[in-house]
Structure formats: C-alpha cells, structure tokens
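Please read the structure below before turning to the comments.
Bear in mind that the values in this text are calculations on the coordinates, not laboratory data. Keep in mind it's a predicted model, so treat the numbers as computed, not measured. Here the Cβ positions follow ideal geometry from the backbone for every residue, glycine too, while neighbour counts run over all protein chains shown.
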Ligand code: ADP
Ligand code: ZN
C-alpha cells in the first residue's frame with residue numbers, strides 16, 4: 001500500500017509518497033506557479049508509483065462542503081491563477097483512487113494529533129504564524145469544519161496600547177493576521193522577524209495578539225492542546241511570553257491544562273502538514 005500526499009502552499013508544493021506505515025519513500029518540493037504547470041510536476045512525480053490513496057492539504061480558502069457544487073475548488077484566494085480552480089477534480093481525474101481534501105492547517109492538526117505533539121488527545125488546534133495566520137483543528141477525532149473551514153487567522157483582536165501599525169490584511173486591515181503575521185512584523189518594525197530576535201517589545205506585542213487569539217479559541221473550542229507553528233514561531237522566546245499573556249488575560253476564569261503542556265511547538269516541525277496529508281490519504285480509504 002502506498003499513500004500520496006500533497007501539501008499545497010502558496011509558495012511551494014511539497015509532495016510525498018509513503019508506505020503503509022507512513023514512512024516517507026520520496027518527497028519533492030515544487031514552486032507554486034499556475035495550477036496546470038504545478039500539477040503537471042505533481043503528476044510526473046506520482047506517476048512513478050502505484051498509489052492507493054492521496055491526501056491534499058491546501059492553501060485556501062477552499063471549498064470543503066460536500067453538498068456544494070464547487071466542492072474541491074480553491075475559491076477566493078488572492079493567488080489569481082488559482083481562483084475558482086477545481087484542484088480536487090484535477091487530481092481525481094488523473095488518478096481514479098480515493099482523495100482526501102482539507103486545508104493545510106487542518107492537515108497539520110491531524111499530523112500533530114496522530115503522530116506529533118498532541119498524541120493521546122482527542123482534540124488539537126494547530127495555528128500557523130507565517131506569511132499568514134491560519135488555524136485548523138481536530139475535535140473529538142474529526143477535522144473541524146461546518147459550511148466551510150475555519151479561518152482562525154482573521155479574527156478581531158484588541159489593539160496593543162503601543163500599536164502604531166494599521167495592519168496588512170486586504171480584507172480587514174487589523175485582524176489577527178493583519179497585525180501578527182510575518183509581513184505585519186516586518187512592516188511595523190522595518191525588518192524581518194529573524195533580525196528582530198533581541199527586540200523584546202516586538203515579541204511582547206506579538207504575544208499580546210497571539211494570546212488573545214488563543215484565549216478566544218480556548219473559550220470557543222476547548223481543545224486539549226494548542227500547537228503553534230510557522231516561521232514566526234521559530235522565535236522560541238515567544239512561547240513563554242504567549243503563555244504568560246494568555247494566563248493574565250484568561251484571569252483564571254476557566255481551568256486549562258498546565259500551560260507548558262497546553263501551548264506547545266509542533267513535534268513534527270515542518271513535517272506536520274505532509275504527515276497529516278498522508279494520514280488523510282489513509283482516512284479516505
Ligand atoms: P509560509 O507561511 O509561506 O508557509 P513560513 O511559515 O516560513 O512560510 O512563514 C514565513 C514568514 O515567517 C515570513 O514573514 C518570515 O519573515 C517569517 N519568519 C520566518 N522565519 C522566521 C524566524 N526565524 N523568525 C521570525 N520570523 C520568521
Ligand atoms: Zn483579515
């Protein structure tokens with residue numbers, strides 16, 4: 001049995017093939033260009049194998065509603081070439097096998113709960129803080145979705161008292177993503193995040209926003225664990241700052257697990273998404 005995985009990101013696609021035990025046999029990385037060009041390379045890679053199922057974790061927004069006529073499409077993405085593109089349909093047309101379909105962050109949540117930092121729990125929220133902010137979750141063992149998928153990066157937050165920046169989100173300006181994603185840090189402080197490691201106020205402000213988001217997710221979903229990934233979270237000093245701010249904001253209102261076990265980095269590192277896609281492939285059988 002072989003599984004195929006497509007972790008479809010806005011800048012790159014990572015594809016992998018694994019055996020039944022989810023051990024990766026081969027993986028490749030392809031720059032994201034047009035759908036036709038990108039998928040041609042994906043197919044060239046998968047054509048070398050006899051696959052039994054494929055799992056796709058895609059950038060979005062995407063249509064995950066089985067009742068929808070555009071189920072499987074990438075919908076309103078700012079990446080114009082991919083707008084209203086039938087991504088799932090193209091993969092299914094090429095390979096007549098089951099194909100699992102969800103968001104990149106839902107796939108990462110699945111990877112972390114089954115093989116990573118949230119093993120042993122029934123519910124895990126995964127938040128990536130990178131070029132954008134996005135969250136996915138597995139709740140009671142199932143991927144979280146309703147009429148669509150969550151868009152946890154675009155929630156509204158209170159402004160930090162020292163905030164000077166208007167926000168980067170083209171839809172909402174100062175939503176969480178608009179204030180806390182990597183490009184917002186760069187625009188506010190004039191330097192990329194990895195050049196700001198020693199600037200304490202940068203990470204205190206970042207923690208102020210992330211902690212508010214985690215408080216909201218906690219109050220709404222009550223996940224057993226929250227995994228924070230993405231490039232910005234490579235600033236490890238953020239973890240204690242986020243936990244501290246979270247504790248202060250929550251003010252003891254609800255009982256939460258010990259914070260150093262509740263708010264954690266991914267155990268799978270950058271492999272959370274691709275691992276989740278392999279698991280999704282298996283689940284689709
Ligand atoms: P993507 O979101 O495109 O998948 P990343 O998760 O790597 O990719 O996020 C890229 C963003 O994270 C950029 O804005 C970059 O400046 C920021 N970033 C990457 N590495 C670091 C780091 N070590 N410290 C702070 N910010 C970082
Ligand atoms: Zn927004």
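Grab the DSSP H runs of the chain that are 4 residues or longer, score each as -39,500 (n - 2.57), total them, divide by all residues and round the 222 nm result to the nearest 500 deg cm²/dmol. Mind dumping the intermediate values first?
On the way: 9 runs with 97 residues, N = 285.
Mean residue ellipticity at 222 nm (helix-derived): -10000 deg cm²/dmol.
Of the residues 151, 20, the one with the fewest other Cβ atoms within 10 Å heads the list, and the complete ranking is 20, 151. Scaling the Cα radius of gyration of region 48-188 by the globular reference 2.2 N^0.38 Å produces a ratio of 1.17.
Modelled spin labels at residue 90 and residue 44, positioned 7 Å past Cα toward Cβ, are 1.5 nm from each other. Model label sites at residue 197 and residue 220, defined 7 Å from Cα along the beta-carbon direction, differ in position by 3.4 nm. How long are the three semi-axes of the equivalent ellipsoid for the chain, computed from the Cα gyration tensor as the root of 5 times each eigenvalue, in whole Å, largest first? Computed over the chain, the values are 32, 21, 17 Å.
The alpha carbon centroids of region 118-135 and region 156-225 are separated by 16 Å. Compared with the dominant Cα axis of the chain, that is its longest principal axis, helix 238-250 is turned about 70°. Placing a label point 7 Å from the Cα of residue 21 along the Cα-to-Cβ line, the residues of region 47-79 whose backbone N sits under 19 Å from it are 52. Rounded to the nearest 10 degrees, the inclination of helix 104-115 to the longest alpha-carbon principal axis of the chain is 90 degrees.
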